[in-house]
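Structure first, then comments.
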Amino acid sequence: MYKSLIDQHFDEQLSALGTLIAFPSVSQGAPEEGMPLGRHIHDALTYTLDLAREMGFSARSLDGYCGVIDYGEGEEMLMIMAHLDVVPAGTGWSCDPFTLTQKDGRLIGRGVMDDKGPAISSLFALRAIKEAGIPLRRRVRIFLGCDEERGWSCIARYKKTEPNPTLAFTPDGQYPVINSEKNIGHTTYHKKLSGSEVRISCGTAPNVIPGEAVAYLPFAPEPVTATHGMLLSGKDGELRAMGRAGHASTPEDAQNALLALLDALKEQPLNAEDLATASSLAALLAFDQHGEAFGLDISDASGRLTLSPNMLEWNETGVSITLDCRFPFSVSPEQLLAAEDEKFAQIGFARTHEHISKGHYIAPDCELVNTLLDIYTGATGKKAKPISIGGGTYARSFENAVAFGVEPEGETAQAHMPDESCPVESVRFDTHLIAEAIKRLAGK
């Protein structure tokens, strides 16, 4: 019966998603009183909690860092974890990123996949379970994070006062089920300069591979041949590289414009210090995706290490570069930092910041994984096994948690991309699967 209720309310669900997409809730906006993560994130959270209350659920904000929506009673709890913050839109869109657009059977907008679409699907799935009168043995909570893309202050705030779930899943990954996530390291290295003539401000977030990079120079750039399928242009003191943005966990699906820009800079008539800096960075980073120059091209059962430089700030007094590394369980944080420190020190850079997020693993034969795999197989007819990814989801915040959808098997990642999109019918499919997961994991 719950499936027919989802179908009955599907137009309303898409309308709600459109309203939520319209909030440009980019991670860590300028804080205001009572809005620690910025007004747009506050407005997105307020809208979603109000919508839940209209459906008859208990809903509250935890100091503006996150929200919780509750249904049912009992000591044991199933928690569904989604987030309302998004990465910056960036360039390369064919439509307004904050207007939900339907085209050729697809929904386009920042957050339709990551993670506003799944958040709305979770809410409408829970509504269908409630309206169908399905009895529960575990209470159900939807967690709405507001700082997933940057600092995870939402998780820190939740853990201050709220109980850990008995079971949890997040629809912020891939199908069929993700039971293993690699470690994540973000590091920044800095080199002091004196009187640099180069100006660069590239990148939107450590975990977003830049699709565009621009250097401002005190002269008209020399012609340079594009490499690795990217485009280069130069005029009036501006050197521009165009690639394809993407998620740092899958660098093979992107074209890193920052690397193309460094490669082009070393061919320009820069002053000696700038030329040495550009040349040494280009030589060290090359167009590698697996940390080859650092001696870090390592694989194990959790996957192969990936490394991408995604942010670059270059001004008169210095250069700072930020890297994203997804490293397997067999590589320790100390090993990663030592390898990076050594190579960057050789070209005059020192580490100024590091943040390590420990990986996550849950046994593939547990109740949670087996139940979700069975749901997926029942819906698709595919015999599936759990997978390991380089991405980091909320699942790593709790012991008995996994990622379940919503990126289809075998599709190119849409998260963090221009024209982020998904098929309209995938939203319905995801909502059905989330509802079935609630029924199987929390129902009597």
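The values are calculated or read from the model by the stated rules, or taken from the named source; none is laboratory data. Every value quoted in this text rests on a predicted model; they were computed, and no experiment measured them. Cβ: placed from backbone, ideal geometry, glycine included. Neighbour counts: every protein chain shown.
Return the residues of region 215-238 that are among the hydrophobic types (A, V, I, L, M, F, W, C) and either touching a Ser or Thr at 6+ places or on another chain (Cβ under 8 Å) or assigned to a loop (DSSP other than H, G, I, E, B) (or both); say none if nothing qualifies.
Of everything in region 215-238, those that are among the hydrophobic types (A, V, I, L, M, F, W, C) and either touching a Ser or Thr at 6+ places or on another chain (Cβ under 8 Å) or assigned to a loop (DSSP other than H, G, I, E, B) (or both) turn out to be 217, 219, 220, 224, 226, 230, 232.
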Worksheet item: Quick one: which of 206, 176, 163, 223 is more than 23 Å from residue 394 (Cβ to Cβ) and of a type outside the set (D, E, K, R)?
Response: 223
Item to complete: Give me the pairs, please: first residue somewhere in region 53-74 and without any contact (Cβ under 8 Å) to a residue 60 or more places away in the chain and on the phi < 0 side of the Ramachandran plot, second residue anywhere and surrounded by 21 or more Cβ atoms within 10 Å (Cβ to Cβ) and among the β-branched types (Val, Ile, Thr), beta-carbon distance under 9 Å, and either six or more positions apart or on two chains.
Response: 53/69; 58/69; 59/48; 59/69; 59/142; 60/69
Response to the item:
Filtering region 87-140 down to residues that are buried (at least 24 other Cβ atoms within 10 Å of the Cβ), over 29 Å from residue 206 (Cβ atoms) and charged (D, E, K, R) yields 127
Worksheet item: Of all the strands (runs of 3 or more DSSP E) wholly in region 334-444, which have at least 2 residues that are out of contact with any His (no Cβ under 8 Å at 6 or more places or on another chain), within 20 Å of residue 81 (Cβ to Cβ) and at pLDDT 95 or above?
Response: 401-403
Discussion item. Can you tell me which condition residue 365 does not meet? The list is (1) over 28 Å from residue 253 (Cα atoms); (2) touching a residue at least 60 places away in the same chain (Cβ under 8 Å); (3) not small (Gly, Ala, Ser), and all the others hold.
Written reply: (2)
Practice prompt. Return a yes/no flag: does region 113-128 have any residue that is assigned to a loop (DSSP other than H, G, I, E, B), modelled with pLDDT of 95 or more and touching a helix residue (DSSP H, G or I) at 6+ places or on another chain (Cβ under 7 Å).
Written response: no
Worksheet item: Which pairs have Cβ atoms under 6 Å, sit 6 or more apart or on different chains, and link a residue in region 142-163 that is assigned by TED's automatic domain parsing to the domain that holds residue 61 and closer than 23 Å to residue 186 by Cα to one that is modelled with pLDDT of 95 or more and small (Gly, Ala, Ser)?
Response: 147/153; 154/145; 155/397
Item to complete: Determine whether residue 168 is modelled with pLDDT of 95 or more, touching a Lys or Arg at 6+ places or on another chain (Cβ under 8 Å) and of a type in the set (Gly, Ala, Ser).
Response: no
Worksheet item: Pick from region 1-23 the residues that are in contact with a Lys or Arg (Cβ under 8 Å, 6 or more places away or on another chain) and buried (at least 19 other Cβ atoms within 10 Å of the Cβ): which of them is modelled with the lowest pLDDT?
Response: 2
Worksheet item: Can you name the condition, by its number, that residue 205 falls short on among (1) outside any strand (DSSP E or B); (2) in contact with a Lys or Arg (Cβ under 9 Å, 6 or more places away or on another chain); (3) surrounded by fewer than 16 Cβ atoms within 10 Å (Cβ to Cβ)?
Response: (3)
